[in-house]
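The values are calculated or read from the model by the stated rules, or taken from the named source; none is laboratory data. Not measured: the values here are computed from a predicted model. Cβ atoms come from the backbone with ideal geometry, glycine included; neighbour counts cover every protein chain shown. Just the protein is used for accessible areas: all its heavy atoms, side chains included, with ligands, DNA and RNA removed. Shrake-Rupley method; radii C 1.70, N 1.55, O 1.52, S 1.80 Å.
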Amino acid sequence: CAACQPGSFSAAGATTCFACPAGFFSPTTGSAQCTACAPGRFSTTPGATSCTLCPTGTFANRYNSTSCTNCTAGTFAIDNGSTSCLACPAGFFSPTTGSAQCTACAPGRFSTTPGANTCLPCQPGNFSAAGAATCTPCPLGRYSASASATSCLACAAGSAANATG
């Protein structure tokens, strides 16, 4: 009897070897069964001798995956072989699917909740630095007249701001 080649298997008494189905693999000769790809790995074609790690920005959360799923907007997977995606933290966002990392909100913008796919502008009277989870009210004696302010301006001589914001 001839041993089945890697990527194939047969039961006892079989007259032929069969290719492992997609999502399974067999790394050695003479296999009686194929092994399911572990979570975070996949194989797309029959006859695989190994499984491939899901690339960054994607995940596979079950055994015998034939593909990886893109992380949704607002989430990311920084490592190869991920089994899930993580929500972007407050102050960061991910606008597209398949992100490997999140982007800090630009100065003058913010995101309060994890999993944001966009950042919102600070309202007039407030400002923020990059990566802000909230906007900060302008202190007494300072103001910002427009949205998305990155700092507050001092009141001009002859004027005052006697409240924050």
Test set (1) open to solvent by less than 40 Å² (accessible area, probe 1.4 Å); (2) closer than 30 Å to THR69 by Cα - THR112 fails condition number | (1)
Set PRO137, PRO55, PRO95: member being more than 12 Å from the chain's Cα centre (by Cα) and either outside the structural domain of GLN33 (by the TED database) or closer than 30 Å to ARG41 by Cβ (or both) | PRO137
Restricting region 1-46 to residues that are assigned to a strand (DSSP E or B) and farther than 23 Å from ASP79 by Cα, which is most open to solvent (accessible area, probe 1.4 Å)?
-> PHE18
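Yes/no matrix, rows are residues, columns are (1) farther than 30 Å from PHE25 by Cα; (2) at pLDDT 95 or above; (3) touching a Gly at 6+ places or on another chain (Cβ under 8 Å):
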position	(1), (2), (3)
THR58	no, yes, yes
PRO95	yes, yes, no
ALA106	yes, yes, no
GLY115	yes, yes, yes
LEU120	yes, yes, no
THR136	yes, yes, no
SER144	yes, no, yes
ALA161	yes, no, yes
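With respect to ALA90, is the statement that it is under 30 Å from ALA145 (Cα atoms) and open to solvent by less than 50 Å² (accessible area, probe 1.4 Å) true?
Yes.
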All-but-one check, LEU153 against (1) more than 20 Å from the chain's Cα centre (by Cα); (2) crowded, with 17+ Cβ neighbours inside 10 Å, failing number (2)
Could you tell me which numbered condition PHE76 fails, if it satisfies all but one of (1) modelled with pLDDT under 95; (2) open to solvent by less than 40 Å² (accessible area, probe 1.4 Å)?
-> (1)
Given the conditions (1) outside the structural domain of SER151 (by the TED database); (2) more than 11 Å from the chain's Cα centre (by Cα); (3) among the polar types (S, T, N, Q), every one holds for SER82 apart from (2)
Among the residues of region 47-63, which ones are buried (at least 17 other Cβ atoms within 10 Å of the Cβ) and touching a Pro at 6+ places or on another chain (Cβ under 8 Å)?
-> ALA60
